[in-house]
Amino acid sequence: MVAHAHFDQLRFTKEGWSHMQVCIVGAGVVGLTGAYFLAREGHDVTVLESGDDVAQGASHANGAQLSYSYVAPLADPSVLPHLPAWLLSSDSALRYVPRPDMKQWRWCMAFLRACRTATSNRTALELLQLGALSRAALHELVGQEKIEFDHVQNGKLVVYRDAHEFELARRKVDLLAEGGASQSALDRRGCIEIEPSLDFAPTSIVGGIHTPSEEAGDCLRFCNALANVLRDRYHVRIMTGTRVLGWVRQGRQIVAARIEQGDIRADAFVLSAGTASVDLAEGLGLRLPIYPLTGYSLTAAAIPDRSPGINVTDLHRKVVYARLGEQLRIAGMVEITGADESQREARLATLTRHVKEIFPFAADYANAETWCGHRPATPDSKPLVGATKFSNFWLNTGHGALGFTLACGTAKLLAEVLHGRQTSVDASVYSLNRLS
Ligand SMILES: Cc1cc2nc3c(=O)[nH]c(=O)nc-3n(C[C@H](O)[C@H](O)[C@H](O)COP(=O)(O)OP(=O)(O)OC[C@H]3O[C@@H](n4cnc5c(N)ncnc54)[C@H](O)[C@@H]3O)c2cc1C
């Protein structure tokens with residue numbers, strides 16, 4: 001049996017619990033950043049990870065965008081007219097395949113409810129605040145620990161092919177400006193001035209929204225570097241190859257996480273297991289509204305002068321582009337099909353076709369590395385951060401399409417709620433209760 005000594009100097013002060021033994025489940029970008037902000041406060045942190053290494057789940061080869069201002073939720077009234085195409089077209093970037101699965105249906109109903117204009121606008125403003133907190137927290141972490149992950153602040157250009165969609169986006173610029181975002185709308189010529197490689201696009205672009213402050217970086221490199229810092233500087237134990245099977249509980253308290261070799265005891269537990277959080281929480285009678293939204297990425301050698309230097313989103317195809325050193329990372333597709341990878345080759349071929357519509361010569365596509373991942377998505381696109389009905393069991397999961405972007409902000413928020421401190425942003429909007 002693997003049993004960590006229970007920390008014997010656990011104290012409850014007016015600041016809340018101090019110097020606890022904390023067990024985090026999941027070593028993706030969310031679990032690792034959570035470990036960092038807790039370990040820095042002096043807690044004794046253990047991270048349990050079922051994979052052979054850190055960041056083998058959704059954090060592995062994602063779109064690399066640190067998209068602090070472009071945080072609009074997927075659930076928006078503008079998606080409703082597209083629903084028939086999602087159901088009927090195999091070429092669509094967004095695809096829905098109904099399954100005989102209550103979890104999928106419940107998620108879809110909640111998603112449709114979140115598509116109301118008022119809800120979507122409110123969520124965008126809330127995520128904008130969380131984005132600002134995340135940017136500050138990431139900069140603090142990077143400044144303090146000096147970690148390398150191809151981090152650049154080179155701005156983002158979201159390009160539109162459809163005049164009506166572009167007009168709707170222009171209006172959203174005004175809304176987000178109220179929340180502090182600095183963005184500008186550009187016509188086609190303006191887009192090409194900012195990103196000359198768009199001049200090779202065979203498809204016509206009507207305009208774009210430019211956000212100069214946006215950033216990008218390699219999430220896998222970030223996780224690897226952060227894991228080293230956690231081990232070396234903060235004495236965090238990262239136990240890879242360690243799958244959590246369930247929990248040992250006593251009333252409203254969790255005593256230990258069950259693994260194959262025995263129990264891991266701790267004072268507090270944080271669930272950050274991506275899409276697997278659902279089953280792990282279900283074992284405690286907690287229903288998490290998280291569903292896997294499958295996506296794909298390509299990583300290919302960038303062709304100089306033909307490849308975008310700025311981060312680009314092709315909104316029509318929902319594809320993002322980021323330069324990571326000499327490589328171009330391309331990510332896209334949103335599938336509500338369960339964690340099903342059977343269409344992988346066909347979908348990657350579709351993604352490559354979509355990419356060539358806008359950047360035909362940007363990278364060595366023939367030799368691209370391919371990847372498939374599952375975004376742990378809530379219906380309203382907001383992560384789940386905070387307490388549960390168990391006094392020492394906390395959530396930090398459900399970051400959907402923005403997990404790399406929001407990880408440092410939610411890690412800070414988690415540390416604040418766990419200590420009972422005043423929070424930097426309204427924590428209630430990230431609680432599990434909001435969706436019940
Ligand atoms: C195609 C695609 C493109 C994306 N692009 C972007 C982007 O550009 N910008 C952005 O901000 N976000 C992006 N995302 C989203 C982002 O990647 C995710 O939100 C983020 O990686 C989620 O991190 P996580 O730590 O919660 O989950 P994960 O990275 O999946 O980590 C969860 C970990 O828990 C472990 N685990 C699971 N079960 C157990 C268990 N029982 N015991 C122990 N460990 C367990 C898993 O092995 C895994 O390592 C993208 C996602 C995809 C799929």
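The values are calculated or read from the model by the stated rules, or taken from the named source; none is laboratory data. Note that the structure is a prediction, hence the values are computed from the model and not measured. Reconstructed Cβ throughout: ideal geometry from the backbone, glycine too, with neighbour counts over all protein chains shown.
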Only listed residue being crowded, with 23+ Cβ neighbours inside 10 Å and within 21 Å of N392 (Cβ to Cβ), chosen from A268, A257: A257
I need a count of the residues in the stretch 172-189 that are in a helix (DSSP H, G or I), modelled with pLDDT of 85 or more and loosely packed, with under 15 Cβ neighbours inside 10 Å. 1
Filter pass, T203 being assigned by TED's automatic domain parsing to the domain that holds A72 and either buried (at least 20 other Cβ atoms within 10 Å of the Cβ) or of a type in the set (D, E) (or both): no
Which of (1) surrounded by 18 or more Cβ atoms within 10 Å (Cβ to Cβ); (2) of a type in the set (A, V, I, L, M, F, W, C); (3) touching a strand residue (DSSP E or B) at 6+ places or on another chain (Cβ under 8 Å) does V248 not meet, given it meets every other one? (1)
Looking only at the stretch 39-50, decide whether some residue is assigned by TED's automatic domain parsing to the domain that holds A339, loosely packed, with under 13 Cβ neighbours inside 10 Å and modelled with pLDDT of 85 or more. no
If you go through G325, G283, G274, G295, the only one that is among the small types (G, A, S), at positive phi and either outside the structural domain of R347 (by TED's automatic domain parsing) or near the ligand (Cβ under 8 Å from one of its atoms) (or both) is G274
For A5, all conditions in the list (1) modelled with pLDDT of 90 or more; (2) part of a loop (DSSP other than H, G, I, E, B) hold save one; what is the number of the exception? (1)
The one condition in (1) over 22 Å from the mean Cα position of the chain (by Cα); (2) crowded, with 21+ Cβ neighbours inside 10 Å that L157 fails to fulfil: (1)
Listed by first then second residue, the pairs whose first member lies in the stretch 140-168 and is assigned by TED's automatic domain parsing to the domain that holds A201 and among the polar types (S, T, N, Q), whose partner is at pLDDT 95 or above and surrounded by 13 or more Cβ atoms within 10 Å (Cβ to Cβ), with beta carbons under 6 Å and at least 6 positions apart or on separate chains, are Q153/E215; N154/I310
Could you check G332 against (1) over 19 Å from S67 (Cβ atoms); (2) in contact (Cβ under 8 Å) with a residue 40 or more places away in the chain and say which number it fails? (1)
Tell me, please, whether a residue that is under 26 Å from R113 (Cβ atoms) and within 15 Å of the ligand (Cβ to nearest atom) can be found in the stretch 346-366. no
Out of the residues in the stretch 55-78 meeting the condition of being near the ligand (Cβ under 9 Å from one of its atoms) and of a type in the set (S, T, Y), tell me which one is nearest to E126 (Cα to Cα). S67
Here the residues within the stretch 59-107 that are among the aliphatic types (A, V, I, L, M), at pLDDT below 95 and assigned to a loop (DSSP other than H, G, I, E, B) are V71, A72, L74, A75, A93, V97
Across the stretch 43-54, the tally of residues that are more than 6 Å from the ligand (Cβ to nearest atom) and part of a loop (DSSP other than H, G, I, E, B) stands at 4
